[in-house]
Structures are given as C-alpha cells and as structure tokens.
Amino acid sequence: MVMMKHSLFSLPLLLLVFCHSTTTLAQSPAAAPTAPAATTAAVPAPAPSTPPTDIIRILKKAGGFTTLIRLLQTTQVSTQINSQLLNSNGGLTFFAPNDNAFSSLKPGFLNSLNDQQKNELIQFHLLPTYVSMSNFDTLSNPVRTQAGENPDRLALNITGSGNQVNMTTGIVNVTVGGTVYTDHQLAVYQVDKVLLPRDFFEAKPPAPAPAPEKPKGSKKKSAESKATPADAESAAMSLKQRHVMWVSVAVATVVVGTFSW
C-alpha cells in the first residue's frame with residue numbers, strides 16, 4: 001500500500017519534468033549554420049621601380065667630387081648625361097677627377113675658362129660608349145671623346161693592361177685610380193688628374209681677315225698702271241700724226257684763200 005502511494009506520487013512529478021523539458025527544447029532556437037571563412041587571395045606587392053641613373057647622385061654618394069659636381073651642374077652636362085643614358089643603348093664612360101685632382105691645377109685655371117671651354121673640358125672626360133676596366137686595351141688611339149674629333153687638339157690616347165689604365169692628352173699623363181660606379185651602361189672611373197686637352201694650350205690660327213673693299217676708280221687706275229712702253233709710244237705717235245694733219249689742213253686753207261684773190 002505504501003509502495004503504491006509512492007508510485008502514484010512520483011508519476012505526476014515525472015510527467016511535469018518531461019513536459020518542462022519538451023517545452024524548453026521546443027523554444028530553443030536552432031543553431032545558425034556556421035558561415036565558411038572567407039578566403040582572401042594574396043596580392044603580390046608591386047616591385048619597386050628602378051630610379052633613372054643620375055650622375056650627380058652617384059658622385060655625391062661616392063664623396064670627394066665637389067668641384068666636378070659644380071662643373072657638371074653649371075655646364076648642364078649632368079642633364080645631358082642622364083638624358084643620353086635614357087635614350088642610348090651604347091652607354092657612356094666617364095673619367096671623374098676628384099677634388100684633389102682639381103686642386104693640383106694652376107690657381108685660377110678654371111676661372112680663366114669661358115662657358116664653352118668649361119663644357120668642352122667636361123665633354124673631354126666622356127667616351128660615347130660603355131667600356132669596362134678590362135676592355136680599354138681594345139680601343140683604337142686616339143680615342144674619340146664627346147669633346148670632338150680633332151685628333152691634333154683633342155687627342156686622348158689610352159693604354160690598358162688588366163686593371164692598370166693610363167691616359168695621355170699631350171699635356172698631362174693620367175692614371176685611372178679605380179671604379180666609382182658601373183651598371184654595364186654607365187662606367188664612372190676616378191682619375192688622379194684633370195684631363196687637359198691641347199686645345200686649351202696651343203694657339204689657334206687666326207681667322208682670315210676680310211679682303212679690303214676696292215675703291216670705285218680702281219679698275220681705271222689698274223688699267224693705266226698696266227700700260228706698257230709700247231702702248232705709250234703708240235699713243236705718242238697718234239698724237240703727232242694728228243698734229244701734222246691739223247697743220248696740213250691749215251696750210252691748205254691759206255693756199256686756197258690766196259688763189260681765190
């Protein structure tokens with residue numbers, strides 16, 4: 001009897017718990033589906049652009065070329081070099097005198113040059129092609145520079161043996177001290193002296209003076225000056241013959257007048 005009452009009491013409690021669990025489950029929202037993780041494609045970083053070659057930047061980085069940099073800027077040859085490197089496939093070779101090389105020049109030498117001569121001086125240090133240190137022995141002398149092709153006044157002779165390169169201009173002998181910069185398009189070599197062309201030290205032939213203007217009567221005077229003695233004698237004979245003729249006419253006139261009386 002006691003067990004039956006206990007069972008009857010437990011049944012409603014069990015039903016109550018069951019109903020509550022069912023209601024809770026019914027009210028619980030369904031779990032939202034998990035969204036797939038977004039995949040982000042890796043974008044490669046842009047390659048850094050190579051800045052154009054700048055001769056001034058190269059010399060400033062190397063150091064010791066203050067005077068040369070000033071000349072390159074005042075003559076605007078630095079702009080010319082950078083432009084040539086962009087528009088030419090042959091490259092350039094530049095012999096760069098350092099500040100010690102310029103300080104060994106005669107005092108006041110640079111100031112004595114006009115703008116054209118300063119430009120020519122820098123161009124004389126430039127070869128219109130790229131030449132590596134080991135290829136100077138392949139050049140034909142005199143080597144053509146960008147200063148011009150006059151072999152007498154702008155001659156540059158180069159001899160090379162391995163890494164030993166010597167040059168002469170007829171005024172100064174120069175040795176290549178080492179490589180400042182090379183990228184197989186531009187080669188910059190340090191030199192221990194300034195390359196001085198003979199053009200600055202040899203007197204140039206004076207320009208021919210214009211011919212003086214001849215006076216208006218020069219032709220008549222010239223003709224008279226060219227008269228020969230035979231011409232003078234002939235002129236004298238003609239004058240004598242005219243005189244005889246005049247006398248004969250006068251005599252005839254008198255005779256005729258006499259007979260008419």
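The values are calculated or read from the model by the stated rules, or taken from the named source; none is laboratory data. Treat the numbers as computed from the prediction; the structure is a model and nothing was measured. Please note: Cβ atoms are built from the backbone with ideal geometry, for glycine as well, and neighbour counts cover all protein chains shown. What goes into the accessible areas is simple: the full protein's heavy atoms, side chains included, and nothing from ligands, DNA or RNA. Shrake-Rupley method; radii C 1.70, N 1.55, O 1.52, S 1.80 Å.
Here are a few things to note about the model shown:
- Pairs, first open to solvent by 70 Å² or more (accessible area, probe 1.4 Å) in segment 126-142, second among the hydroxyl-bearing types (Ser, Thr, Tyr), C-beta under 9 Å, six or more apart: 137/159; 137/161; 141/159
- Residue 174 meets each of the listed conditions (1) open to solvent by less than 70 Å² (accessible area, probe 1.4 Å); (2) in a helix (DSSP H, G or I) apart from (2).
- Residue 121 at pLDDT 95 or above and touching a strand residue (DSSP E or B) at 6+ places or on another chain (Cβ under 7 Å): no
- Flag: residue 106 does not match the condition of being modelled with pLDDT of 55 or more, surrounded by 10 or more Cβ atoms within 10 Å (Cβ to Cβ), out of contact with any Gly (no Cβ under 9 Å at 6 or more places or on another chain) and closer than 30 Å to residue 193 by Cα.
- Scanning segment 200-215 finds no residues that are assigned to a loop (DSSP other than H, G, I, E, B) and either at pLDDT 90 or above or within 22 Å of residue 82 (Cα to Cα) (or both).
- Every condition in (1) within 25 Å of residue 182 (Cα to Cα); (2) open to solvent by 80 Å² or more (accessible area, probe 1.4 Å); (3) outside any loop (DSSP other than H, G, I, E, B) holds for residue 89 except the one numbered (3).
- Flag if residue 98 is surrounded by 12 or more Cβ atoms within 10 Å (Cβ to Cβ) and under 12 Å from the mean Cα position of the chain (by Cα): no
- Restricted to segment 177-194, and to residues there that are modelled with pLDDT of 95 or more and either farther than 18 Å from residue 62 by Cβ or part of a loop (DSSP other than H, G, I, E, B) (or both), the residue that is farthest from the chain's Cα centre (by Cα) is 193.
- Annotation: of all residues in segment 55-86 being within 13 Å of the chain's Cα centre (by Cα) and outside any helix (DSSP H, G or I), the one that is surrounded by the most Cβ atoms within 10 Å (Cβ to Cβ) is 75.
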